[in-house]
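These notes concern the structure reproduced below.
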Amino acid sequence: MPARFIAIWFRHLQTDWFTRRQPELREVPFVLAAPDHGRMKITAANIPAQAQGIDTGMAVADARALVPSLQVLDEVPGLSEKLLTALGHWCIRYTPVAAIDPPDGLILDISGCAHLWGGEIPYLEDIRSRLRDFGYDVRAAIADTIGAAWAVARYGRVTPVVPPYEQQAHLLPLPPAALRLDPEVLDRLHKLGLYQVGSFINMPRSALRRRFGQDLLQRLDQALGMEPEIRESLQRPEPYEERLPCLEPIMTATGITIALERLLEALCGRLQKEEKGLRNARLKCYRVDNEVQEVSIGTNRPSHNSRHLFKLFDQHISQIAPGLGIELFVLEASRVEAVSTAQEALWSRAGNLDDRMVAELIDRLTGKIGAGIVHRYLPDQHHWPERSFKQAPSLQESPDIAWRTDRPRPIRLLAEPALIEVSAPIPDYPPMLFRYKGELHRVKKADGPERIEREWWLETGAHRDYYCVEDEKGQRYWLFRLGHYDVDQPHQWFIHGFFA
Amino acid sequence: MPTTKADIIAQLQKDILLLQGHQPTLNNAAVDVGLGPLREAFPGGVFPTGHIHELISMSAEDAAATSGFLSGILGCLMQEGGICIWISTNRMIFPPALQHFGIAPDQVVFVDVSRDKDALWAMEEALKCNGLAAVVGELKEISFTASRRLQLAVEQSKVTGFVHRHQPRQLTSTTCVARWQITPLVSEQEERMPGPGFPSWQVALLKMRSGKPGTWRLTWYDNRFHTIREAITALPLTPLRKIG
């Protein structure tokens, strides 16, 4: 499902606002005017005025000649931005991502929102009718891209809801002005007789760029969804950051501790309210001499437990050099994730990996000794013993295949197979005796071979023939011979592990 | 009301254990670790969970046998999805093999540190956390003070701790509740089948607080311990020299 956008066009934004405030103006032709080069120029006209042939850009004197009863009001500077911002905030009830599109539009990102109103058509109808009830004359359209929604809202004649992936077909009959182009480019297109988007959309791109500039191609791509278009949302996400300025420079560990406690409490309070937890946090200490001291911590799972986070920071407080004193503490949560508040179990004998206490323990261990000391393993689909398990990326990950128990595997494995001296009957028998670390072992019982091929798509080399052997003392080993038996070459035997 | 002589003796034994400072394990927390024949060695006949056990191994082969025996006990402790923290200074455990001893290897969190000091600190932190089924520490030396710190942590949280000491320089006295030494035994194979049989060990309980030390021969199959019935000529256990 692609992203969906709705473009709302307020056809008479400013005059509608005046009509809302002064209902008696509804039937009266009136215009808004602002001084321009020593004369009054019309900047907005309402519907009755437009019906009598008055449009923006005319001089007030000319309009008065046409309609003697015309009312002229002074334009309020910056009104349209103010109105759009307020309307954008009002629209946040429909979607969290609303952006203004000056001078007379709003863009809402409605991906995944429309179904709450029972589909896109009732959704659009709801927005439109409520804005009309306010007294605004609006047109709106839904499409996959901002460009297409904008075009259909202003110039579309067929349907306001463009189905997913069909924006190209809906753009073809529209005039070039629907692509949000500069007036000069529009003028040139018009002179060349290109009255519809469809008449030039399939022209070679190099020709279009040469004649009309890169801007035309960019607008076209944006409307078709081949180039992303980003609008800044009105409601910007607040960064998770707390600041604590100090009246006197702080130089002691106790002072830093108190500052940290306060910052954590404030931050955790906010995180708790928003049901979020932090994964990474950084404490920045701004010193009097413009130096910045930084310590950071990480957690295994999102946490808003201020005591636990304090413990993690506490291990690093000694690394902060206060110098001449710290005047500002800033605590920022660089990575924040949603936390699921599970119901506390009343009684459990042994915890599980979802347990908060276990996660906090591991945070403490990694915080003190260093990252990369905690390992958890999941089965992997390889026969090669060293690759038969893989590191789990998180504590919560569960194995997607079962652990194999059909083959004997030693409980302790050497990190590197060690070369041993053996005397073995040829060609495929287990050794009769072998010498490992200077000690001679006589093999009494043996099992094998279990041939494990090297995975040629990962590495090259000879296969291994594994034998489980037991010596006269009952000590059990995992030995292997590298490669095939060959008369000419002495074959290599290795010890790889110890069975329990 | 205890009436028979045996009842009276059992009651008296219980009372003596309490006087000796042994904390009885609560009935609902008692875990059958499957060490059936060893039961008479334990105080009150229950494997002491919530304590520190010390396991000694002198060679690489002994270490493997010890790891196997330890994994068998852990498998019983970690039922119901419990998790275990396995702290080691020189880890050789092959995780997929733990499945043979009834442990889901993904339920074990391995912590690799380079120094004994860090391992002991990590063990103490882990033992304080009562969300765990067991904590295993593989290290070389543990001092009396360090073992006491672990014991204090365990008394709060009731987590079972295992300290596997590989080739310790000397056997110092510790506060651990038990000291085990496990050595491999020649495996038996039924009906003269070829190949090595099930893992078999000579389990020596060198020290047991309020219990009876002894030596047993155990084997592991069907996901539990079994005693080896037939008399096998057990190798004489090399006596450990105790210093200090």
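Tabulated results
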| read-out | value |
| --- | --- |
| Cross-link pairs beyond the 30 Å C-alpha cut-off, checked among A:K445/B:K212; A:K368/B:K140; A:K473/B:K117; B:K140/B:K207; A:K284/B:K140; B:K14/B:K140 | A:K445/B:K212; A:K473/B:K117; A:K284/B:K140; B:K14/B:K140 |
| Where N is the number of residues in region A:412-498, Cα Rg divided by 2.2 N^0.38 Å | 1.06 |
| Semi-axis lengths (Å, descending) of the ellipsoid that matches the C-alpha gyration tensor of the protein assembly as shown | 77, 34, 24 |
| A:I426 versus B:T215: modelled label distance in nm, points set 7 Å from Cα along the beta carbon direction | 4.5 |
| Packing-based ranking, highest mean first, of B:52-59, A:16-23 given that Cβ atoms within 10 Å are counted | B:52-59, A:16-23 |
| Relative contact order of chain A, pairs being alpha-carbon contacts under 8 Å that are 6 or more residues apart, as % | 9 |
| Inter-label distance, nm, simple model (7 Å from Cα along the C-beta direction), B:M58/A:D400 | 4.9 |
| Value of D in µm² per second that Stokes-Einstein yields for region A:241-338, Kirkwood Rh from Cα pairs, at 10 °C (1.306 mPa s) | 119 |
| Placed amide H near A:A424: partners under 5 Å, 5+ positions off or other chain | A:M432 |
| Rotationally averaged projected area of region A:9-138 (alpha carbon convex hull; nm²) | 8.4 |
| Ellipticity estimate at 222 nm from DSSP helix runs (n ≥ 4, -39,500 (n - 2.57)) divided over chain B, nearest 500 | -8000 deg cm²/dmol |
| Per DSSP, loop chymotrypsin sites (Phe, Trp or Tyr not before Pro) in region A:95-139 with at most 11 further Cβ within 10 Å | none |
| Mean projected area in nm² (Cα convex hull; one quarter of hull surface) for region A:157-200 | 3.3 |
| Peptide-level mean, for A:79-85, of C-beta atoms on other protein chains within 10 Å | 0 |
| Calculated FRET efficiency for the pair A:N290/A:Q196, C-beta based, R₀ 56 Å, to 0.05 | 0.35 |
| Karplus-derived 3J(HN,Hα), 6.51/-1.76/1.60, for each residue of region A:477-485, Hz, glycine and proline x | 10, 10, 10, 8, 9, 8, x, 6, 6 |
| Relative contact order (%) - region A:241-338, alpha-carbon pairs under 8 angstrom, separation at least six | 45 |
| Placed amide H near A:A140: partners under 5 Å, 5+ positions off or other chain | A:W9 |
| Integer Hz, Karplus 6.51/-1.76/1.60 couplings in order for region A:448-454, x for Gly and Pro | x, x, 10, 7, 10, 7, 6 |
| Magnitude of the charge dipole, the protein assembly as shown, Cβ model with Lys/Arg +1 and Asp/Glu -1, debye to 20 | 1200 |
| A:I47 versus A:R205: modelled label distance in nm, points set 7 Å from Cα along the beta carbon direction | 4.3 |
| Spatially proximal aspartates and glutamates relative to A:K390 (Cα-Cα < 14 Å; intrachain offsets below 8 disregarded) | A:D380, A:D400, B:D106 |
| Two-decimal log10 I(q)/I(0) for region A:38-94, as the Debye equation yields it once each C-alpha is a single scatterer, q = 0.26 Å⁻¹ | -1.02 |
| Segment A:D55-A:W384, length gained on full extension (0.36 nm per residue, minus Cα span) | 110.4 nm |
| Sequence-distant residues sharing a close amide H with B:F225 (under 5 Å, placed H) | none |
| Charge sum, other residues only, whose C-beta stays under 13 Å from A:Q168's C-beta, Lys/Arg counted +1 and Asp/Glu -1 | -3 |
| A:E450, A:E120, A:E248 arranged by Cβ crowding within 10 Å, fewest neighbours leading | A:E248, A:E450, A:E120 |
| Inter-chain Cβ neighbour average for residues A:471-479, partner chain, 10 Å | 6 |
| For A:358-364, mean number of other protein chain Cβ atoms within 10 Å | 5 |
| Cβ-Cβ FRET estimate between A:V72 and A:A169, R0 fixed at 45 Å, reported to 0.05 | 0.50 |
| Structure-based [θ]222 nm, chain A - -39500 (n - 2.57) summed over DSSP H runs of at least 4, per residue, nearest 500 | -8000 deg cm²/dmol |
| Efficiency of FRET from Cβ geometry, A:R435 and A:D221, R₀ 60 Å, rounded to 0.05 | 0.25 |
| Within region A:39-81, backbone nitrogen closer than 15 Å to the virtual label 7 Å beyond the Cα of A:A177 toward Cβ | A:45, A:54-58 |
| Value of relative contact order over chain B, rounded to a whole percent, pairs C-alpha under 8 Å and six or more apart | 22 |
| Candidate aspartates and glutamates for bridging to A:K311, where Cα separation is under 17 Å - those fewer than 8 sequence places away on the same chain excluded | A:E261, A:E265, A:E294, A:E332, A:E360, A:D363, B:E124, B:E125 |
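Read-outs: derived from the displayed coordinates by stated rules, not from any lab. These numbers come from a predicted model, not from an experiment. Every residue, glycine among them, receives a Cβ derived from its backbone with ideal geometry; neighbour counts consider all protein chains shown.
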